[in-house]
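Asks: Mind looking over this structure? Questions follow.
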Amino acid sequence: MQLVDEVRQELPRLGTRKLVDQLKKHHDTEVGRDRLFTWLRQSGRLVKRKKRWDKTTYSRHGYAVAPNRIKELVIAKPNQVLVCDCTYMRLVGRKFAYLFLVSDASAGLTGQTVNVDAGSIMS
């Protein structure tokens with residue numbers, strides 16, 4: 001484990017698979033990948049994965065969910081049912097743009113807009 005600590009001093013985010021290669025090439029230490037995983041896990045030395053996304057949806061809220069009012073409806077003409085949705089697009093620098101879509105259930109997309117401020121479109 002001392003060799004692992006030495007390598008991690010220089011390369012603190014080095015994962016187990018690459019660590020096995022480092023130990024073989026530079027330290028003449030032969031150790032199996034799975035055995036090293038087990039040792040690192042037991043000693044609390046596994047590298048934690050970095051979170052690479054922002055959570056934008058919380059589905060376990062206590063708010064009311066609207067019922068599906070068109071489930072049994074037969075759509076016979078255009079503009080009989082309009083469907084709206086709002087989603088986000090990730091921009092550079094941890095910013096988001098919001099995409100608002102309006103589509104006709106029988107004919108496809110009828111309108112859209114993109115804005116960096118969700119409140120200005122929805123009000």
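Read-outs: derived from the displayed coordinates by stated rules, not from any lab. Worth saying up front: this structure is predicted, and the values here are computed from it rather than measured. Neighbour counts are summed over all protein chains in view; Cβ atoms, including those assigned to glycine, are modelled from backbone coordinates with ideal geometry.
Asks: With θ set to phi - 60° and the Karplus curve 6.51 cos²θ - 1.76 cosθ + 1.60, what are the ³J(HN,Hα) couplings of the stretch 59-74 in order, to the nearest whole Hz, using x for Gly and Pro?
Replies: Running phi through 6.51 cos²θ - 1.76 cosθ + 1.60 with θ = phi - 60° gives 8, 9, 7, x, 7, 5, 10, 5, x, 7, 8, 10, 4, 9, 6, 8 Hz.
Asks: Provide the FRET efficiency to the nearest 0.05 for the H61-L109 pair, computing r from the beta carbons and using R0 = 30 Å.
Replies: My answer for the efficiency is 0.60.
Asks: Next up: Output the Cα-based Rg and Dmax of the chain in Å, rounding Rg to one decimal and Dmax to a whole number.
Replies: Computed over the Cα atoms of the chain, radius of gyration and Dmax are 26.2, 75 Å.
Asks: Right, next: Quote the relative contact order of the chain in percent (integer), defining contacts as alpha-carbon pairs under 8 Å separated by 6+ residues.
Replies: The value is 13 percent.
Asks: I would also like to ask the following. Give me, ordered by chain and number, the residues 5 or more places off F96 or on other chains with an amide H under 5 Å from its own placed amide H.
Replies: L91
Asks: Continuing with the same structure: So what's the gap between the Cα centers of the stretch 79-112 and the stretch 40-54, to the nearest angstrom?
Replies: A separation of 36 Å, based on Cα centres.
Asks: Also, quick follow-up: Test of understanding: what is the full-extension gain from K48 to V83, defined as 0.36 nm times their sequence separation minus their Cα-Cα distance?
Replies: Result: 8.5 nm gained on full extension.
Asks: Once you order the gyration tensor axes a ≥ b ≥ c over the Cα atoms, which shape class does the stretch 2-42 get: rounded for a/c under 1.5, otherwise prolate or oblate by comparing a/b with b/c?
Replies: The shape class here is oblate.
Asks: Something else: Once the Cα atoms of helix 33-42 and of the chain are each reduced to a long axis, what angle between those two axes, in degrees from 0 to 90 to the nearest 10, is obtained?
Replies: It is inclined by approximately 80 degrees.
Asks: Related question: Counting other beta carbons within 10 Å of each residue's own, what order do R13, R60 fall into, fewest first?
Replies: Fewest-to-most ranking of R13, R60: R60, R13.
Asks: Multiplying the sequence separation of D28 and A76 by 0.36 nm and subtracting their Cα-Cα distance, what value in nm do you get?
Replies: Computed gain between D28 and A76 is 9.8 nm.
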